[in-house]
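A short worksheet on the structure shown next.
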Ligand code: PLP
């Protein structure tokens, strides 16, 4: 095909928006007025009409190092030319081991082992399966129940939506895994609206786990999974003392505790992981997103030495964990992750949010007097502005804010009527001012 013909066919394909069924998107609205990014660098996207958009959400909570960073780009380019793929089952390649060792060294002991996946959803399902298999491996096979939490988001696999606590999953997909129960969520706007950082009240919500344990008996419960900070359901910050109490209860009853750190991992709170930030060590940790700064899909599940060793008993030629993905530890993903970790290290990004958190918090809470704002929440470089829904038209006000923000040159994310913000960790104070300045205009303009 000649070059002009190829360009013409590519243009025609771009004009035909129908074939792509977009995920978590209002497809009909989008296809009437498409919003296309064609390139990205550092803190900005460039749109197809040539405008710069400041990234207030690190893509989808993932581009923690910013966009198209040189070390990551170079690592991926070199890797794809050198070793494009290696089977993950019964074979290895050096970067997988290098990456796992480096990650394990970043996590507090005893979270010393790493299982690779390709997404947050896969990390969650992997962690749940490891928890179930572990209980069997140690002779606790009656422990088959999994406990999640209302308003938890753990991705879109059947395991993740079952332990998650999102009404729309129940409404649209019906039955899920059986043998799952949910603690109540910790969101309490009557007591905690406009808290700065962690709310003072609400540690007692951890006692809801006791209620569930008493209902089912601990001998039936394998694991509890929570996001240390719930992100996708609207940025719900844990009350002071809550996570510590969950840990205590789980330990007391032989229940594994899983932290879903798909959002909080890799510097979002100002420490490498929420495990460090809160000083609470779970038995398993799920990650993805910031692991490669969103450049190549990849996830990682961390588990304790006790869990890993429990599988290492049988004959040495037997596969210990009957689980894995064709693309687990994909060489290009490993290279992207190593380039990302180098970038984090060189620029001190995994603790940078701690330095900026106060400035971020002040800027965010300055929006308190904007129309329709009913709550503001923050921790590290995460923020949420909750809007009063339009009567009878939930989500519409926040969606208007999203569209107007895009027109005004900032990328925000909305969930329900909540605006969620989580910029790349390279954001400057000037860009924080720009983000909140433009958001103020947006909130003052929309209905
Ligand atoms: N877990 C949490 C806490 C998340 O926030 C997400 C995504 O936002 C997931 C799991 C799912 O990740 P993915 O979309 O990569 O499957």
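The values are calculated or read from the model by the stated rules, or taken from the named source; none is laboratory data. Bear in mind that the values here come from a model prediction, so they are computed numbers and not experimental data. Because the Cβ atoms are built from the backbone with ideal geometry, glycine has one as well, and the counts that use them run over all protein chains shown.
Checked against the criterion of being in contact with a strand residue (DSSP E or B) (Cβ under 9 Å, 6 or more places away or on another chain), more than 18 Å from residue 222 (Cα to Cα) and either within 16 Å of the ligand (Cβ to nearest atom) or outside any loop (DSSP other than H, G, I, E, B) (or both), segment 170-178 has no qualifying residue. Look at residue 196 and say whether it is at pLDDT 95 or above, more than 16 Å from the ligand (Cβ to nearest atom) and in a loop (DSSP other than H, G, I, E, B). So residue 196 fits the description; yes. Given the structure, is residue 368 assigned to a helix (DSSP H, G or I) and within 21 Å of residue 190 (Cβ to Cβ)? Yes. For segment 370-416, a residue qualifies if it is over 16 Å from residue 56 (Cα atoms) and out of contact with any helix residue (DSSP H, G or I) (no Cβ under 9 Å at 6 or more places or on another chain), and the qualifying residues are 391, 392, 393, 394, 395, 396, 397. Figure legend. Inter-residue proximity from segment 21-32: first residues in the same structural domain as residue 406 (by TED's automatic domain parsing) and at negative phi, second residues in a loop (DSSP other than H, G, I, E, B) and at pLDDT below 95, beta-carbon distance below 9 Å, spacing 6+ or different chains. No pairs are indicated.
Here's the yes/no breakdown for (1) modelled with pLDDT under 95; (2) outside any helix (DSSP H, G or I); (3) within 25 Å of residue 338 (Cα to Cα):
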| position | (1), (2), (3) |
| --- | --- |
| 21 | no, yes, no |
| 65 | no, yes, yes |
| 75 | no, no, yes |
| 78 | no, no, yes |
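Given the condition in contact with a strand residue (DSSP E or B) (Cβ under 9 Å, 6 or more places away or on another chain), within 16 Å of the ligand (Cβ to nearest atom) and either at pLDDT 95 or above or in a helix (DSSP H, G or I) (or both), answer yes or no: does some residue in segment 88-107 qualify? Checked against the condition, which is being in contact with a strand residue (DSSP E or B) (Cβ under 9 Å, 6 or more places away or on another chain), within 16 Å of the ligand (Cβ to nearest atom) and either at pLDDT 95 or above or in a helix (DSSP H, G or I) (or both), segment 88-107 yields no hits at all.
Residues of segment 141-164 that are part of a loop (DSSP other than H, G, I, E, B) and either without any contact (Cβ under 8 Å) to a residue 60 or more places away in the chain or within 11 Å of the ligand (Cβ to nearest atom) (or both): 141, 150, 152, 153, 154, 155, 156, 157, 164.
Filtered by the rule that a residue be surrounded by fewer than 14 Cβ atoms within 10 Å (Cβ to Cβ) and touching a strand residue (DSSP E or B) at 6+ places or on another chain (Cβ under 9 Å), segment 436-447 gives a lone residue, 447.
Examine segment 214-224 for a residue that is within 16 Å of the ligand (Cβ to nearest atom) and buried (at least 24 other Cβ atoms within 10 Å of the Cβ), and state whether such a residue exists. Yes. Within segment 108-123, the set of residues being part of a loop (DSSP other than H, G, I, E, B) and away from the ligand (no atom under 16 Å from the Cβ) comprises 108, 109, 110, 111, 112.
Total residues in segment 199-219 satisfying the condition of being part of a helix (DSSP H, G or I) and touching a helix residue (DSSP H, G or I) at 6+ places or on another chain (Cβ under 9 Å): the figure is 9. Residue pairs whose Cβ atoms lie under 9 Å apart, sitting 6 or more positions apart in sequence or on different chains, and linking a residue in segment 242-261 that is under 30 Å from residue 119 (Cβ atoms) and not assigned by TED's automatic domain parsing to the domain that holds residue 110 to a partner that is in a helix (DSSP H, G or I) and more than 15 Å from the ligand (Cβ to nearest atom), do not occur here. The single condition among (1) at positive phi; (2) in contact with a helix residue (DSSP H, G or I) (Cβ under 9 Å, 6 or more places away or on another chain); (3) surrounded by fewer than 18 Cβ atoms within 10 Å (Cβ to Cβ) that residue 174 does not meet is (2). Looking at 433, 369, 407, 417, just one residue is surrounded by fewer than 17 Cβ atoms within 10 Å (Cβ to Cβ) and farther than 18 Å from residue 54 by Cβ, and that residue is 369.
Residue 265 meets the conditions (1) touching a strand residue (DSSP E or B) at 6+ places or on another chain (Cβ under 6 Å); (2) more than 14 Å from the ligand (Cβ to nearest atom); (3) not in a helix (DSSP H, G or I) in every case but one. The failed one is (2). When each of 188, 208 is tested for being in contact with a strand residue (DSSP E or B) (Cβ under 6 Å, 6 or more places away or on another chain), away from the ligand (no atom under 16 Å from the Cβ) and assigned by TED's automatic domain parsing to the domain that holds residue 243, the lone residue that passes is 208. Residues satisfying the criterion are absent from segment 124-134 (criterion: more than 16 Å from the ligand (Cβ to nearest atom) and assigned to a loop (DSSP other than H, G, I, E, B)).
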